[in-house]
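Have a look at the structure below before the remarks.
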Amino acid sequence: MTGPVLLTAAEMGRADALAVKSGVASASLMERAGEGVAAAVMRGWSKRPTVVLCGPGNNGGDGFVAARKLAEAGWPVRVGLLGERENLKGDAGLMAGLYGGEIAPLTPALLEGAGLIVDALFGTGLSRPLDGAARAMVEAVNAHPAQVLAVDLPSGIDADTGDVAGGDAGAAIRAARTVTFFVKKPGHVLFPGRALCGAVEVVDIGIPFSTLEEIRPRTFENQPAIWAREFLRPGFSAHKYSRGHAAVVSGGRLKTGAARLAARAALRAGAGLVTVLTPPEAAAENAAHLTAVMLREAADAAGVAAVLEDRRFTAALIGPGAGVEPETARKTLAILRAGAAAVLDADALTCFADRPEALFEALREGDILTPHAGEFARLFPDIDIAALGKLEAARRAAARAGATVILKGADTVVAAPDGRAAINVNAPPDLATAGSGDVLAGMALGLRAQGTPGFETAAAAVWLHGACGQAAGPGLIAEDLPEALPQVLRALLTPPEAAKDEGGS
């Protein structure tokens, strides 16, 4: 099993080379890839006129195999080639020769009467924006009513970033389904690539899974498999102090709700105790709402430091509703000088925009930063997400900060200082609501307070946040998310056999 591993374009090229080195014929890899594409077509659609668009490289070779297999199964197939037949090299040339039908020039006229289009123009290896005949064909395909199955990746998508090559000025295929090989690539799970891929199917083409041991990939789709071993569940001897004591720094009067959202999420995520540290003027406001979450006054940074001298506090969160002001920065540094692990969100990040090095010098490896794109740009102004892609930007930020970074969004990326990264895929659009990020920070706090390491804490919190969004469903508000955690955790922690027994089947 490859599990949730994602391979970059370079790593996928290396996997192909290692497979060939181990004795697998490269032509065999292409044959199996094309067979997988043809099989996906026949599973997904009834027999209909199908146009296969072949590019000048190996992606086109996969297309020629698929066309041959479909024709052998009695499908009406037309093939168009970008470039000249005599220019095809290696396995792509071999597979073009084995295809017995007509190979037409690649023009929009080829699409007339098509009931299905197979995009085998460019796959993982694309490194430049589409232009000329290729771009004209992509635009014609997108204007055509027939559905598209993309081979490897929709043509025009960067495998490593998920971006359309050329940005807003570029062009890419919009596919209903994508068939890729061996494992997914980051471009399958990062937007806009994820949206343009449609449903993604992974086909085994004979690359030995042992190649992953030599490649040692550092990018993953965020699934429980990558953090389950570090996810702590209390044993019979557990008590509230053994499960960690989390602190949440509240904002001032009329700015307390975000901290309470985070505190409740931390408690639901398993922290044994959670205490809100409140400015005196906001104490009554917080006390009116808190029950299981405790409350202590801490007027300023010195007050926060004094509370955290109690080493039973294992993690602290600051940022939600804290205010972008010097006192927030001082409280943040007080937390970072204490023994408790830190989760820094929202205002705690923005207040260091004019002196980020002061924050980076104080951070510890197990600390967690949770910026959205705007906060990220303020804290890391020279790390350009648009230029680098979200994955690489998060990695560079984590390395610079020396802490785990949760770069939030529809495709949240979690990156560790050691280069590991996880891309999240389970967050529904319903999470785009006020307070949702405060709940995520609280979930991370609750897990970190129990002793889960920084990267695994961040990845698990992001996944749980998405799962709670799915469980709460359309119409959710931030308050619903902590209340969905018991349901999500029960499903996560119940062995399949026990779940089957409970269901009575």
- [ ] Determine the dipole magnitude for the chain: charges of +1 sit on the beta-carbon of Lys and Arg, -1 on that of Asp and Glu, nothing else is charged, the reference point is the Cα centre, and the result goes in debye to the nearest 20.
- [x] 740 debye
- [ ] Mind pulling the angle between the C-alpha long axis of helix 480-493 and the longest principal axis of the chain? Nearest 10 degrees, somewhere in 0 to 90.
- [x] 70 degrees
Open item on the list: Quick check: the angle from helix 132-143's long axis to the longest principal axis of the chain, C-alpha only, nearest 10 degrees?
Closed with: 70 degrees
TODO: Work out how much length ALA136 to GLU112 would gain on full extension: take 0.36 nm times their residue separation and subtract the Cα-Cα distance, in nm to one decimal.
DONE: 7.1 nm
- [ ] Please list, in chain and number order, the residues 5+ apart from GLU221 or on another chain whose amide H is under 5 Å from its amide H, with Hs placed from the backbone.
- [x] VAL5, LEU6, ILE423
Task: From the coordinates shown, log10 I(q)/I(0) by the Debye sum over Cα atoms at q = 0.05, 0.06, 0.07 Å⁻¹ corresponds to which of [x] -0.28, -0.39, -0.51; [y] -0.20, -0.30, -0.41; [z] -0.24, -0.34, -0.45 - done: [z]
- [ ] Along Cα→Cβ, 7 Å out, is where each label goes; now give me the distance between the ones at ASP382 and ARG14 in nm to one decimal.
- [x] 2.8 nm
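Compute the relative contact order of the chain as a whole-number percentage, counting only Cα pairs closer than 8 Å that sit 6 or more residues apart in sequence.
So the answer I get is 12 percent.
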TODO: List the lysines whose Cα lies under 18 Å from the Cα of LYS69, skipping any in the same chain that are fewer than 8 positions away.
DONE: LYS47
Task: C-alpha long axis of helix 26-44 to longest principal axis of the chain, angle in ° - done: 80 degrees
- [ ] Straight distance only, please: which aspartates and glutamates reach the Cα of LYS89 with their own Cα at less than 15 Å, same-chain residues fewer than 8 apart left out?
- [x] ASP62
TODO: Please tell me which of these pairs span more than 20 angstrom C-alpha to C-alpha: LYS255/LYS331; LYS21/LYS185; LYS185/LYS390; LYS184/LYS390?
DONE: LYS21/LYS185
Open item on the list: If you filter the stretch 145-244 for chymotrypsin sites (Phe, Trp or Tyr not before Pro), then keep DSSP loop positions with at most 15 other Cβ within 10 Å, what is left?
Closed with: PHE209, PHE236, TYR241
TODO: Please provide three numbers in whole Å: the alpha-carbon extents of the stretch 87-210 along the principal axes, with the largest listed first.
DONE: 39, 35, 27
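Bear in mind that the values in this text are calculations on the coordinates, not laboratory data. This is a predicted model, so every value here is computed, not measured. Reconstructed Cβ throughout: ideal geometry from the backbone, glycine too, with neighbour counts over all protein chains shown.
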